[in-house]
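**Student:** Below is the structure I would like to discuss, written out as C-alpha cells.
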Amino acid sequence: MANIYTKTGDTGQTGLLGGSRVWKDNLRVDCYGTLDEANAMMGVAYSLCKNEEIQIILKDVQKKLFALGAEIACDEQGEKYIKEKIGKEDIENCERIIDAYTEKTGPLKEFIIPGKTTASATLHVARTIIRRAERNIIKLLKKEEIREDIFKYVNRLSDLLFALARVEENSEWIQEVKNRVMEKLKNYEKNNRIDLCIAKKMAEAAEAKALSMGVPIVFSMVDEGGNLVLLHRMKESLLVSIDLSINKAYTANSIKLPTHEIGKLAQPGQPLYGIQNGDKMVIFGGGYPLRCGRRIIGGIGVSGGSVDEDMMIAFHALRVFEMEK
C-alpha cells in the first residue's frame, strides 16, 4: 500500500489528473477541495440520519461527488482517464427527489433556522459548502471551459440537501411524537392493568389486618374482564368464603360500585332490585372496584368475617393499591 504522504506537495504545488502541476491555491484545486469538504460533511450527516431513504440518497450523492471532483481535477490530458461523468440524468434525478420530498413536507412558508436536529443541521452545513463550491466553479467557468452539466448538478445538489434537511426534521418530529405516544401508552398500560405484584401486596396487607383482628379471610382479585387474578386463602377460613370472596370482587368490578352500595340499590323499589338473583352477584359489603383515574380496572373481594370486618380488611388492602398506583 502506498504511503499516505508523498512529499510531492511540500513545495506548495499539487498535481492534476493528467500530470500538470499547479499551486494549491489554484481555483481548480479550490473547487474540488470544497467538494471534498462537502462530501465529508455529508458523511457526518449520513452517520446521524435515521431515515434510511435519506441515507441511500446521501451515499449515492457522495459517489457522484467523487466523479465530479475527479473531472474538475483533470487537466486536458487527464480527461481521457475519466470514465464516469455527471450528466443530465443525474440532474433530473435530483429534481425528481426534490419534487417528491417537497410534496411530502409541503410548501415552505417561513425561513428555515437550522438546528432542530443534529442530522438536519449537518445537512444544512453540507448545503452551504456546496453553495460555496458552486461559487468557486462559476469563478472557474469564467476562466476555463466547464461542462454545463457540472454547475447545473451542483446547483441542484444544494437544493436537494435543503429538501433532505427538511425531511429529516419532519421525520424526527414524527418519530418524537410516536415516542411520546408510545411512552404514554406504556404508562397507560402500566397504570391501567392489574399487576400481580400489587395484588400480592394487597393480599398480604389484607392478611396482616385480618390477623390483627383474629379473622381468617379469603382475599380475591379480578381483572377488568372479571377474570380471577389472585386468590389468597388464610388457614382456617371457611370454604364458602372462597366463592363469596371471588363473587364480591366480580360484582364490584362489573357494577363498578362497592358491594355494600349495590346492596342499597338492590332493595325493593331501587334501580338494581332483583340483581341479587344472578349467580355471581353479592350485595353485601366486602367487595370494592379498583379505580385508576376514571377507569375501573378490576375488583377485590374479602370474605370470612362479619360484613363490617370484611369491609375494614378490604379497605386496608385498598390503601396499598392507592399508594402503589
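The values are calculated or read from the model by the stated rules, or taken from the named source; none is laboratory data. Note that this is a predicted model, so its numbers are computed, not measured. Glycine also receives a Cβ, built like all others from the backbone with ideal geometry; neighbour counts cover every protein chain displayed. SASA here: full protein model, heavy atoms, side chains in, ligands and nucleic acids out. Shrake-Rupley method; radii C 1.70, N 1.55, O 1.52, S 1.80 Å.
**Student:** Sort out which residues of the stretch 201-223 are open to solvent by 20 Å² or more (accessible area, probe 1.4 Å) and small (Gly, Ala, Ser), and write them in order of number. If you could, list the steps in order and put the result at the bottom.
**Tutor:** Initial filter on the stretch 201-223 (open to solvent by 20 Å² or more (accessible area, probe 1.4 Å)): 201, 204, 207-209, 211-214, 216, 223.
Once the filter is applied, which keeps residues that are open to solvent by 20 Å² or more (accessible area, probe 1.4 Å) and small (Gly, Ala, Ser), the stretch 201-223 yields Ala208, Ser212, Gly214.
**Student:** Is it the case, given these coordinates, that Val307 is among the β-branched types (Val, Ile, Thr) and farther than 24 Å from Ile198 by Cβ? Talk me through it step by step, then tell me what you get.
**Tutor:** On the way: among the β-branched types (Val, Ile, Thr): yes; farther than 24 Å from Ile198 by Cβ: yes.
For Val307, the condition - among the β-branched types (Val, Ile, Thr) and farther than 24 Å from Ile198 by Cβ - is met.
**Student:** Among what's in the stretch 57-113 and is among the small types (Gly, Ala, Ser) and within 18 Å of Val167 (Cβ to Cβ), pick the residue that is surrounded by the fewest Cβ atoms within 10 Å (Cβ to Cβ).
**Tutor:** Filtering the stretch 57-113 for residues among the small types (Gly, Ala, Ser) gives 67, 69-70, 73, 78, 87, 100, 106.
Add one more test, that the residue is within 18 Å of Val167 (Cβ to Cβ), and what stays is 100, 106.
Details: Ala100: 12, Gly106: 9.
Only one residue fits best here, namely Gly106.
**Student:** Working carefully through the options Leu16, Leu48, Leu65, find the one that is closer than 22 Å to Asn155 by Cα and in contact (Cβ under 8 Å) with a residue 24 or more places away in the chain.
**Tutor:** Values: Leu16 fails: closer than 22 Å to Asn155 by Cα; Leu48 fails: closer than 22 Å to Asn155 by Cα.
None of the others qualify; the one that does is Leu65.
**Student:** For the stretch 131-159, what are the residues that are under 18 Å from Lys85 (Cα atoms) and within 35 Å of the chain's Cα centre (by Cα)?
**Tutor:** Scanning the stretch 131-159 gives Val154, Asn155, Arg156, Leu157.
Matching residues to (1) open to solvent by 80 Å² or more (accessible area, probe 1.4 Å); (2) touching an Asp or Glu at 6+ places or on another chain (Cβ under 9 Å); (3) modelled with pLDDT under 95; (4) among the charged types (D, E, K, R):
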{"residue": "Ala119", "(1), (2), (3), (4)": "no, yes, yes, no"}
{"residue": "Ile130", "(1), (2), (3), (4)": "no, no, no, no"}
{"residue": "Lys142", "(1), (2), (3), (4)": "yes, no, yes, yes"}
{"residue": "Tyr153", "(1), (2), (3), (4)": "no, yes, no, no"}
{"residue": "Arg166", "(1), (2), (3), (4)": "no, no, yes, yes"}
{"residue": "Ile174", "(1), (2), (3), (4)": "no, no, yes, no"}
{"residue": "Glu183", "(1), (2), (3), (4)": "yes, no, yes, yes"}
{"residue": "Arg193", "(1), (2), (3), (4)": "yes, yes, yes, yes"}
{"residue": "Cys197", "(1), (2), (3), (4)": "no, yes, yes, no"}
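**Student:** Go through the stretch 293-324 and give me each residue that's in a strand (DSSP E or B) and either surrounded by 19 or more Cβ atoms within 10 Å (Cβ to Cβ) or of a type in the set (A, V, I, L, M, F, W, C) (or both). Reasoning before the result, please.
**Tutor:** Here is the first cut: in the stretch 293-324, the ones in a strand (DSSP E or B) are 295-303.
Within the stretch 293-324, Ile296, Ile297, Gly298, Gly299, Ile300, Gly301, Val302, Ser303 qualify.
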